[in-house]
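Here the structure is laid out as C-alpha cells; the discussion comes afterwards.
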C-alpha cells in the first residue's frame, strides 16, 4: 500500500480500510501476491523479511 499510486500495480488505501482489515500499524509491510492473497506481513517494517521471502522463490 502506498499513499499515492506511482505505478499500475500500486494499491492506495487512502480511507484506511486495507490497513484496518490487516491490523496494520504505521510501519507494517503487507506483501500481497498477484492472486490477491497475503504473502507476508511484517509488523516491524522489516524490508529484509520481504527480501528474504522473495529470494526463497526465486
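Fully extended, how many nm does the chain gain between residue 26 and residue 56 (0.36 nm per residue separation, minus their Cα-Cα distance)?
The residue 26-residue 56 span can extend by a further 8.2 nm.
For residue 46 and residue 9, calculate 0.36 nm times their separation in residues minus their Cα-Cα distance, and state this gained length in nm to one decimal.
11.2 nm
Readers should treat all values here as calculations from the given coordinates under stated rules, not as data from a laboratory. Not measured: the values here are computed from a predicted model.
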